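Written below as structure tokens is the structure these notes are about.
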Amino acid sequence: MDTITALNALRALAHDSRLAAFRALIQAGPDGLSVGELREKLDLPPATLTAHLNVLRGAGLALDTREGRVIRVRADYTRMNALLSYLTENCCAGAAAVAPTCAPGKPC
């Protein structure tokens, strides 16, 4: 993944509703959610959800397919993993160690 692609993905996730939508799609697994299920889960107006999904689609983080009258939205796990790899590729000065983790509310 290049820097421009990573920035586009991070910009798409830099909104609370879009991040919540993406996380819901990740949690749903490879089957994804119908747009209606996602709208109910997030309690967003249809037009607002459509706008947010368009941003996620544009960043390559969400994919959709039509199943009859239903549109099913799925997270693009390949793009998600590429973003995670991009963000961690220089972790720990190249050592094979895992980055340190901190307990919530505790300093590292």
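Miscellaneous remarks
- For A62, distant residues with modelled amide H under 5 Å away: R57, D76
- Helix-only [θ]222 nm of the chain, DSSP H runs n ≥ 4, -39500 (n - 2.57) each, per residue, nearest 500: -16000 deg cm²/dmol
- Taking the longest Cα principal axis of the chain as reference, the axis of helix 16-28 is set at about 90 degrees.
- Highest-MSF residue in the chain out of S34, S85, S17 [GNM, Cα springs under 10 Å]: S85
- Relative contact order for segment 3-89, counting Cα pairs under 8 Å that sit 6 or more residues apart, in percent: 34
- Angle in degrees between helix 3-13 and the longest Cα principal axis of the chain, rounded to the nearest 10: 60
- Largest-first principal axis extents, alpha carbons of the chain, Å: 50, 32, 23
- Amide H within-cut-off set for S34, under 5 Å, with H built and near neighbours excluded: V73
- For the chain, built as a Gaussian network whose Cα springs stay under 10 Å, the top-fluctuating residue of N54, N81, N90: N90
- Choice from A47, A21, A62 with maximal GNM fluctuation in the chain (Cα, 10 Å cutoff): A47
Every read-out reported here was derived from the displayed coordinates using simple, explicitly stated rules and does not represent laboratory data. These numbers were taken from a predicted model, which means no experiment stands behind them.
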